[in-house]
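Step one of this worksheet: look at the structure below.
The values are calculated or read from the model by the stated rules, or taken from the named source; none is laboratory data. Here the structure is a predicted model, which is why all the values come from computation and not from measurement. When we count neighbours, we look across all protein chains shown, and the Cβ atoms used for this are built from the backbone with ideal geometry, even at glycine. For accessibility, only protein heavy atoms count, side chains too; no ligands or nucleic acids. Shrake-Rupley method; radii C 1.70, N 1.55, O 1.52, S 1.80 Å.
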Amino acid sequence: MTPFNSPLTPFNSPLTPLNSQRYQVPQMLQIYKRIQPFCGDFKRIGQMVPAILLLLPLMLCAACGDDDPADEPTVVTPEPSTPTDEPKPDEPKPGDGDEVTRFVGGDLSMLTQYEGQHAQYLDKSGKSIPDLLDFVKEQGWNTVRLRLFVDPSHSGDKAVCQDLGYVKALARRVKDAGLHVMLDFHYSDTWADPGKQWTPAAWATMDDAQLATQLYDYTRDCLQQLTAAGATPDFIQTGNEISYGMLWGTEAAVASKQTNRCYTNSPQAHWDRFFLLLGQATRACREVCPQAKIIIHSERTPKPDVLTDYYDRLRKANIDYDVIGLSYYPYFHGKLDVLEKALTQLVAKDYGKTIQIVETGYPWKWEVPGTTVDYSATYPYSNAGQRQYTADLISLLKRFPQVTGLSWWYAEANARGCTGSLSNGWYNASLFDNETGRALNALYELKSFM
């Protein structure tokens, strides 16, 4: 938005018990009769010993048997399997056996900025929060999402400041706090979303082949630097809300055109170009961070037919990824039944991927600018209304086992005490009251997703 479970499969090789019913008393007597002649002549003891050795274990088995005759169990011999190091396309990737199978948290990309402007974070009772990362972990969060821009100095938006150096430092703090990092590549100098996928200024003159190489090199370098800094991502979004493709060109060159857009009726060449670029990004992720889960992110939640057409195309193109990431904002996308329909259709398609709501939010006071769906009759713009939306959203998501993640966008926005530009232009769907600095009830409610 702009402002694996891979259960261990036990080896199916049942121990075949010695069939005690096969050697019960009648059979034992028959065997005894056969060796009885040897027992009368102790001089033939040498002949008798082998028979006794044979009889002894059979008698022991007979003693353990059931008096009732029964069908002998069928012994199943497991077929030999051929080991392989390569997972099948839709099978869970390495790392799916982690203990944590659900992920909940929020986007805290502006935390460093708010701290730098002296924002006062308080819990719901008014007690000061010394470290927000420690606090959210105490409230049950286990994941923090961070966005990354190529060169945000070209943007001019106060919320677009997350270059690689910024993200490395904050991601290291997240990891040190014992939380997972979800890295959101924007592959742009500013916000990337369905209406804006502008190519970074430094890449503006590259042709498609050069751009693909640059995308691979850039992704690889960022991940290598993060890893070296002790901030290896656990989830990686290879693009933000890339429903209609990515890296269309510069805003000045293609803003009023359909260049490189990937709509359902776009030329196949546009889609092929998109898949070329996306494939290079995912290749870099697998090489540097093989345990990380790759997320492909769309916000086409209110249009499930377009949404499934998109992921159908990804499957046909054999794009390598693990998680379907969705944005869902009720004030833009519609009521909860809209999300339910989208999830139902995605699950029915059986893509073999988990699903995460990587962006959501709801106002605690005043509507968000640009709101197209008024949901305030059901969920008033209040602390209680925001919490109830969160509770009902979670109830819906937990009906879909495939949904394993939930992340609140711009959760840290808090103007209380701010001494700089963040003291105005409030975002009213965060998880802190901009006036009092207190945590809102929805922040605490999120843990019920786990």
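Structure summary
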read-out: Test: residue in the range 227-243 that is within 21 Å of LEU164 (Cβ to Cβ) and part of a helix (DSSP H, G or I); value: yes
read-out: Whichever residue in the range 226-242 is buried (at least 24 other Cβ atoms within 10 Å of the Cβ) and either of a type in the set (A, V, I, L, M, F, W, C) or more than 23 Å from MET206 (Cβ to Cβ) (or both) and, among such residues, is farthest from the chain's Cα centre (by Cα); value: LEU226
read-out: Residue identified as open to solvent by 10 Å² or more (accessible area, probe 1.4 Å), of a type in the set (Val, Ile, Thr) and in contact with a strand residue (DSSP E or B) (Cβ under 9 Å, 6 or more places away or on another chain) among VAL347, VAL403; value: VAL347
read-out: Filtered residues of the range 429-449 (kept if part of a loop (DSSP other than H, G, I, E, B) and either of a type outside the set (S, T, N, Q) or surrounded by 19 or more Cβ atoms within 10 Å (Cβ to Cβ) (or both)); value: ALA429, SER430, LEU431, ASP433, ASN434, GLU435, GLY437, LEU440
read-out: Subset tally (residues that are outside any strand (DSSP E or B) and over 20 Å from ALA429 (Cβ atoms)) for the range 99-116; value: 7
read-out: Flag for TRP271 being of a type outside the set (A, V, I, L, M) and over 24 Å from VAL167 (Cβ atoms); value: yes
read-out: Those residues of the range 192-210 which are among the hydrophobic types (A, V, I, L, M, F, W, C) and surrounded by 22 or more Cβ atoms within 10 Å (Cβ to Cβ), in sequence order; value: ALA192, TRP198
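Yes or no, residue by residue, for (1) surrounded by 18 or more Cβ atoms within 10 Å (Cβ to Cβ); (2) assigned to a helix (DSSP H, G or I):
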| position | (1), (2) |
| --- | --- |
| ARG147 | yes, no |
| VAL150 | yes, no |
| LYS158 | no, no |
| CYS161 | no, no |
| ALA169 | no, yes |
| LYS175 | yes, yes |
| LEU183 | yes, no |
| TYR187 | yes, no |
| THR190 | yes, no |
